[in-house]
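Colleague: Questions regarding the structure given below will be posed in turn.
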């Protein structure tokens, strides 16, 4: 048992890092969908934009990282606002039109980013102080990923508390549960949508800045992280922060520990896990109740 | 009932009447094509302009253009017109682009092709339309009996095969295999093991990682590390190669387990991206920019002047493709050359002088060439592949 | 017989004539693009049957398209060059695959269904790359022989003849779907989309109908796959990948969800944008597709088939010019 | 089709009840939405279930229709235990519901809405092709039902284009077209104007006598206008079942409705 644990310890730790990264991506997608029934397929583009910001601005110094984070935040907020404005006219037209629109936008954005940054994968160095690797119970592990686990865990905790405990969070949850009721109470749900869209987008872009040293920016990364976050969201249950967190951690482990255990089935693990969950609970693990 | 049938009759009559009055001129019933005499020779350059292979496409385009610029845009003494087509990322997009070159632009010859899936997909097209394809990268092992398909690059299993025996000799212990899970990865490992097993090498395990889609190699690297292997042979290219090499370092394999790979791992732009993590990586390749011969020196100089970069094997193979066409068009009679005669002339070429050294055609239309062992070393403050020794001819 | 009927008949005749004329007017590349568009149209009809008619948006039809393409290709390589044999075997293979996977897929509705079908598609894609012995792995399956229409006749090599072969099968598929939609089964599927709870309350086993639609769509997609194998003479795992599935779904959305001729037009638009115009501005096909989708969603909310009113509103200037022209 | 014996049920007064609910319970965690409710619906009767807000009417309705599984107890249809049957299976045995909010096939025409019910009854599923030939007969039948509900002139209109009152009529038409032995009406007067409610009352009164009608309703005007038997629920439990006069006079009912002092007053007002 200890031998097994020892052999897969790094995979389990790395699964946590991956899971937390996925959470920063998935939570915005999940809330926007749960609250406003908006399917945003340009969500991966926001991660990519953040990651490119990190590539362009980080120079190995802490200041570089801070600037990149600030730029990522702005890019996310602006991008989220623009996306919210873009889908606003589609109110009441269903998911398919939103999907076509946001996918179209993401195709255009991807092309623009290739023009700006080229078609290579651009590996992004973390601040020099976090550059090396350390020994973790006798295993070599990158310092940056450890630091990332710390930062992302704090981020996740803040999001969780804000959503579950604050009054704004209560409003968001109420909107997920029953939009018409909240509207009847005199709340402008459009403002809530813009707010949550901007917040989710900013989180994804910040995730991109922080995640760039782990999943480097390059063509096709937007689609890959989009699919990963969609999987997390449907596994967790649409519109649930808790679901997004647990779904992300589960997928993180599937993608690391699962792959380490059965490497020859690696291509089937992600979607196999999702099929299993959806076959048992089509509404996801933690679907919030709807009135 | 008659009321129902009337609209149908009108529809049929309308269609029929118009169809009868139509005249030929298209794919069916059209006249004979005018022969390829007069005007420039049309060359289709089929390389990715979008998608994950775009940078390879850029190298190949530049390599081809360098040759043309050196020869006043003439091959075999004839003005050529290069028509660019986007291979894209998938077999479908590549095939559609090849279709366009052959059927719409009516090119005389095509060169390029990065992806081996595209190569397989277009075999029938070139064989049936009897137009030569001088491929400059993709080279599936299964392609052995084509008449109109040539490759100036290599065969997919050769980089591995060139290296296998050497590694078996050098490494005292078992070797772990990690490769991207697609045909080229399988081919490389198969080629490697052919010479490796023959030389008595010992295999620890053989694992293929999902491609594309793997960005995190940690679980695979952890398994490799705990396997107790002395060395590791990998096959990755492009973005995956960058991630793989960096994580090889980050998870503590660098320095503990010797890393051997097919040359694509550290070829071109990816090496800068990998940084110091790539130091000490051994690769096998048919070319390196530091090869000491006259032609290479002038090629490197011209290429650097054009792009600001050192040429890669992709650029070199594309340069050679232009050279092959130059020789063939001249032998086929210059102005009077057509697809058939060019194809015949390609097969007649005895040897090609190349930046990689002189090579000859194999029986299946690929180069017989010298392979080199290279190591990533620090050179003048930067990183570069440095040739350590020859691995023999394949 | 009303004027409307006359006009519609003339339109049908004109379209039929246009389709018949393609190989006589255009060059080989354009004709082969038309062929691809026709194949894609059949796939889009399968997607539309689920998405537009039964209200179950799918990203998994490429899996059955791929099953059909591989089945057709393998029949051609190992057994028979006859088109009919390939089409029948491929369709059956698609039906079997849909029967096996459908019960899992129809457990979800809406986005859950979309994601389950996405998973089925991606797993199928990975599996096709893995099963080297059958599928030729990631390098694809080549060596497909030219398709033969009647026993003893020559295989089809000319682009124009291949086009006609695909056209005939596609038109039959279109008519088959049309009959299905007019049948009580078709009405029930529309009921499934509109209001599944009510359908159940009236006494329908709605899951059985959802599965029925899924299997029919699976067979239809596989039929398209066989046409693909015959016309391209090459099949690769990418043919059953996410890109094909997404493009088929987007073609349906652009064409007008629920309308079969809209789906066909949408498919043609997507194929021509990607393969034809995308090659003209080499390397920017994804950009063109992106622009196409954004414009379509904003300008044609109901798709190409969404009625004349929205088209007219697009050209206010032209309308104004015409009315002034009429008054003077 | 096996359980369609409405005539037999109606003929024997006090014979096998059309619907019998025995100790039926549905708990959501600790909440006892419906708790050990027992009553019977006589075949051919017009039976109403009423109760103040939170009495468990909607849950009871869902339990009888089969939209919710019961925690305990039994539902019998013409004496047969149908507790374990799914909603569609109960519908096939003649127990057919309508919905509180109009629940129609909005993109289909009124005629097609009814046609869907008619073709289900004729067992066309599984063989779509064979049924094409019988389409004319099915259409005639659909039109007959539309005529009964005074909707024939709107047959070609999309359900989405109908007025609110017309939709309620169509709602009943769809249910009726399956030729039910028991018709479950879920708060049909919800959101209706008094005029519409009155018109709807006439429709219910005009339903064929052999169809048993069980309605759950807030609007007491409608209830006392059509029902011959009334069941009152309170806090998930059964309070009383009896003739309207009997129920009006009940003190327990009086207390249940907000402790009002005079029930006759209460019953003149709009429902809660």
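Colleague: With only alpha-carbon pairs counted, each pair once and no self-pairs, how large is the Kirkwood hydrodynamic radius of chain B in angstroms?
Modeller: 22.5 Å
Colleague: Compute the convex hull volume of the Cα atoms of segment D:91-234, divide it by the residue count, and report the result per residue in Å³ as a whole number.
Modeller: Once divided by residue count, the hull of segment D:91-234 is 117 Å³.
Colleague: For segment A:101-146 and segment C:144-159, what is the separation of their Cα centres, given in Å?
Modeller: Their Cα centres are 51 Å away from one another.
Colleague: Separate question: Apply 1/(1 + (r/R0)^6) to the Cβ-Cβ distance of residue A:85 and residue A:185, taking R0 = 22 Å, and write down the FRET efficiency to the nearest 0.05.
Modeller: After rounding, the FRET efficiency stands at 0.35.
Colleague: Just to confirm the number: angle between the C-alpha axis of helix A:189-211 and the first principal axis of chain A, 0 to 90 degrees, nearest 10?
Modeller: 10 degrees
Colleague: Calculate the radius of gyration of the Cα atoms of chain C to one decimal place, then report Dmax, the largest Cα-Cα distance, as a whole number, both in Å.
Modeller: 20.4, 74
Colleague: By counting other Cβ atoms within 10 Å of each Cβ, how are D:136, C:8 ranked from fewest to most?
Modeller: D:136, C:8
Colleague: Taking a quarter of the surface of the convex hull around the Cα atoms of segment A:30-280, what do you get in nm²?
Modeller: 14.9 nm²
Colleague: What is the order of B:251, C:40, fewest Cβ neighbours within 10 Å to most?
Modeller: Least crowded to most crowded, the residues run B:251, C:40.
Colleague: Provide Rg and Dmax in Å for segment C:132-271, with only Cα atoms included in the calculation.
Modeller: Computed over the Cα atoms of segment C:132-271, radius of gyration and Dmax are 18.1, 56 Å.
Colleague: Restricting the calculation to Cα positions, tell me the Rg (one decimal) and the Dmax (whole number) of segment A:93-227 in Å.
Modeller: 19.3, 59
Colleague: In addition: Contact order normalised by length for segment C:123-239, with contacts defined as Cα pairs under 8 Å and 6 or more residues apart; what percent is it?
Modeller: Relative contact order here is 41 percent.
Colleague: Also: Restricting to Cα pairs below 8 Å that are 6+ residues apart, what does the relative contact order work out to for chain B? Please round to a whole percent.
Modeller: Computed value for chain B: 17 percent relative contact order.
Colleague: Regarding segment D:143-201, what are the three Cα extents along the principal axes, ordered largest first, in Å?
Modeller: Here the Cα extents, ordered largest to smallest, are 29, 28, 17 Å.
Colleague: Hey, what angle do you get for helix B:183-198 against the long axis of chain B, alpha-carbon based, 0 to 90 degrees rounded to 10?
Modeller: In chain B, helix B:183-198 runs at an angle near 40 degrees to the longest axis.
Colleague: Subtracting the Cα-Cα distance from 0.36 nm times the residue separation, let me have the gained length for residue B:227 to residue B:294 in nm, one decimal.
Modeller: 19.5 nm
Colleague: Another one. As an exercise, use a Förster radius of 60 Å and the Cβ-Cβ distance of residue B:172 and residue A:66 to find the FRET efficiency, rounded to the nearest 0.05.
Modeller: E between residue B:172 and residue A:66, to the nearest 0.05, is 0.75.
Colleague: Okay, moving on. Compute the FRET efficiency between residue D:135 and residue C:313 as 1/(1 + (r/R0)^6), taking r as their Cβ-Cβ distance and R0 = 35 Å, and round to the nearest 0.05.
Modeller: 0.40
Colleague: Calculate how steeply helix A:167-177 sits against the longest principal axis of the alpha-carbon atoms of chain A, using the helix alpha-carbon long axis, and give the answer as 0 to 90 degrees to the nearest 10.
Modeller: 70 degrees
Colleague: Over all distinct alpha-carbon pairs, what is the Kirkwood Rh of segment C:66-199 in angstrom?
Modeller: 17.5 Å
Colleague: Next question. Report the Cα centroid-to-centroid distance between segment D:64-98 and segment B:41-61 in angstrom, as an integer.
Modeller: 67 Å
Colleague: Continuing with the same structure: Tell me, what is the Rg over Rh of the protein assembly as shown, with Rh the Kirkwood radius over Cα pairs?
Modeller: Here Rg/Rh amounts to 1.02.
Colleague: Still on this structure, I have one more. Starting from the coordinates of the alpha-carbon atoms of segment B:184-244, obtain the Kirkwood hydrodynamic radius over all distinct pairs and give the value in Å to one decimal.
Modeller: 12.7 Å
Colleague: Roughly speaking, what is the centre-to-centre gap between segment A:170-199 and segment C:214-254 when only Cα atoms are used, to the nearest Å?
Modeller: Computed from Cα coordinates, the inter-centre distance equals 40 Å.
Colleague: With a point put 7 Å past each Cα toward its Cβ, work out how far residue C:131 is from residue C:3 in nm, to one decimal.
Modeller: The two pseudo-label positions are separated by 5.8 nm.
Colleague: Would you mind computing, in nm to one decimal, how far apart the modelled labels at residue A:137 and residue C:84 are, each placed 7 Å from Cα along Cα→Cβ?
Modeller: Those two pseudo-labels are separated by 6.7 nm.
Colleague: Among DSSP beta bridges whose residues both lie in the protein assembly as shown, state the antiparallel percentage, nearest 5.
Modeller: If I count the DSSP bridges inside the protein assembly as shown, around 45 percent turn out antiparallel.
Colleague: Also, quick follow-up: Name the most mobile residue of C:128, C:41, C:251, meaning the one with the largest mean-square fluctuation, in a Gaussian network model of chain C with Cα contacts below 10 Å.
Modeller: In this elastic network of chain C, the residue with the biggest mean-square fluctuation among C:128, C:41, C:251 is C:128.
Colleague: Calculate the spin-label point distance for residue B:69 paired with residue C:295, positioning each point 7 Å from the Cα along the beta-carbon direction, and give it in nanometres.
Modeller: For residue C:295 paired with residue B:69, the spin-label model returns 3.6 nm.
Colleague: Looking at chain B, send over the antiparallel percent of its DSSP beta bridges, to the nearest 5.
Modeller: 35 percent
Computed from the coordinates by the stated procedures, all read-outs in this text should not be read as laboratory data. The structure presented is a predicted model; accordingly, all values stated were derived computationally and were not measured. When we count neighbours, we look across all protein chains shown, and the Cβ atoms used for this are built from the backbone with ideal geometry, even at glycine.
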